[in-house]
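The values are calculated or read from the model by the stated rules, or taken from the named source; none is laboratory data. Values in this document were obtained by computation on a predicted structure and should not be read as measured data. All Cβ positions, even for glycine, are placed from backbone atoms using ideal geometry, and neighbour counts span all protein chains on display. Keep in mind that these areas ignore ligands, DNA and RNA; they rest on the heavy atoms of the full protein, side chains included. Shrake-Rupley method; radii C 1.70, N 1.55, O 1.52, S 1.80 Å.
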Amino acid sequence: MALVEISGVNKHFGDFQALKDITMSIDQGEVIVVIGPSGSGKSTLCRAINRLETFESGSITIDGKELPEEGKALAKLRADVGMVFQSFNLFAHKTILENVTLGPIKVRKQSKAVAEKRAMELLERVGVEHQASKYPAQLSGGQQQRVAIARSLAMDPKVMLFDEPTSALDPEMINEVLDVMTGLARSGMTMVVVTHEMGFARKAADRVIFMADGELVEQATPEEFFTNPQSARAKDFLSKIL
Ligand code: ADP
Ligand code: MG
């Protein structure tokens with residue numbers, strides 16, 4: 001059975017249908033890159049996967065379990081799904097180390113000592129261990145985003161979602177974040193990455209998903225998708241960005 005099973009998911013905002021009968025499954029260790037025009041439902045899909053967004057019909061399971069709609073059970077299961085957003089979303093009034101240890105202490109009930117040891121390992125892995133006692137505003141955007149990745153990893157998620165993680169970064173900082181993500185992909189993490197970075201898609205993706213108008217239009221290996229897109233919408237999209 002796949003790690004993530006998305007089956008017949010429909011989502012409306014009022015009269016507008018943002019997700020149209022989305023069905024896909026994601027295997028353990030698979031790296032999926034989701035691309036498509038603005039407004040095609042990519043963020044809504046990511047948010048539905050960890051229940052930041054409700055949906056009217058269909059189901060999404062992680063490791064065979066459906067995420068409950070609310071309450072403590074949701075907080076616990078949601079911790080299995082790491083999410084990194086375009087904006088870094090670090091807690092401004094907490095140090096970098098505290099940002100990373102907060103979830104493990106509160107949700108995973110780890111001791112402070114255990115959480116701090118693991119946090120330092122993760123900060124080292126993303127290359128910001130020397131910033132541990134600083135506050136987010138003292139770090140560059142690229143460093144903050146790497147901390148956000150470390151913070152998600154500290155929860156030992158089963159799957160990591162990235163929603164345009166480099167879109168808000170100055171160009172010179174994009175690669176340092178993509179390099180961390182590439183390393184994570186190689187380490188076997190299951191990942192869903194919404195990005196316009198086609199270099200990353202070619203290098204790291206096992207599968208590219210192309211969405212348009214709330215539909216999953218096409219899925220293929222990066223090689224197939226970039227050299228031989230099937231649908232008119234994908235051809236049109238690629239002609240604009242490549
Ligand atoms: P993408 O991430 O592909 O750019 P989104 O998933 O953010 O697209 O949005 C898909 C569509 O749903 C867009 O047309 C957007 O305007 C609409 N939408 C997203 N969130 C809301 C919301 N909270 N209320 C109303 N419409 C929304
Ligand atoms: Mg989006």
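What residue, among those in the range 91-119 that are under 23 Å from Met173 (Cα atoms) and under 22 Å from the mean Cα position of the chain (by Cα), is most open to solvent (accessible area, probe 1.4 Å)? Out of the qualifying residues, it is Phe91.
Kindly evaluate Gly64 against the criterion of being within 12 Å of ligand 1 (Cβ to nearest atom) and over 11 Å from Val159 (Cα atoms). Break it down into steps so the answer makes sense when it comes.
Values: within 12 Å of ligand 1 (Cβ to nearest atom): no; over 11 Å from Val159 (Cα atoms): yes.
Considered against the rule, which asks whether it is within 12 Å of ligand 1 (Cβ to nearest atom) and over 11 Å from Val159 (Cα atoms), Gly64 comes out as no.
Count of the range 22-41 residues, restricted to those that are within 8 Å of ligand 1 (Cβ to nearest atom) and either under 13 Å from Asn10 (Cα atoms) or in contact with an Asp or Glu (Cβ under 7 Å, 6 or more places away or on another chain) (or both), is 2. For Ala154, state whether it is surrounded by 14 or more Cβ atoms within 10 Å (Cβ to Cβ) and either within 30 Å of Gly41 (Cβ to Cβ) or small (Gly, Ala, Ser) (or both). Here the answer is yes, as Ala154 does meet what is asked.
Answer yes or no: is there a residue in the range 73-81 that is buried (at least 22 other Cβ atoms within 10 Å of the Cβ) and within 16 Å of ligand 2 (Cβ to nearest atom). Outline the logic, then answer.
Here is the first cut: in the range 73-81, the residues buried (at least 22 other Cβ atoms within 10 Å of the Cβ) are 81.
Checking which are within 16 Å of ligand 2 (Cβ to nearest atom) leaves us with none.
For the range 73-81, residues buried (at least 22 other Cβ atoms within 10 Å of the Cβ) and within 16 Å of ligand 2 (Cβ to nearest atom): absent.
Look through Glu164, Glu215 and report the one residue that is on the phi > 0 side of the Ramachandran plot, within 16 Å of ligand 2 (Cβ to nearest atom) and either in contact (Cβ under 8 Å) with a residue 24 or more places away in the chain or surrounded by 23 or more Cβ atoms within 10 Å (Cβ to Cβ) (or both). Step through it out loud before you land on a result.
Numbers: Glu215 fails: on the phi > 0 side of the Ramachandran plot.
Residue meeting the stated conditions: Glu164.
So, in the range 105-158, exactly how many residues are modelled with pLDDT of 95 or more, part of a helix (DSSP H, G or I) and not polar (S, T, N, Q)? Of the residues in the range 105-158, 28 are modelled with pLDDT of 95 or more, part of a helix (DSSP H, G or I) and not polar (S, T, N, Q).
Taking the numbered list (1) in a loop (DSSP other than H, G, I, E, B); (2) near ligand 1 (Cβ under 9 Å from one of its atoms); (3) open to solvent by 40 Å² or more (accessible area, probe 1.4 Å) in turn, Glu53 passes all entries but (3).
For Asp21, the conditions (1) open to solvent by 10 Å² or more (accessible area, probe 1.4 Å); (2) under 13 Å from the mean Cα position of the chain (by Cα) are fulfilled apart from (2).
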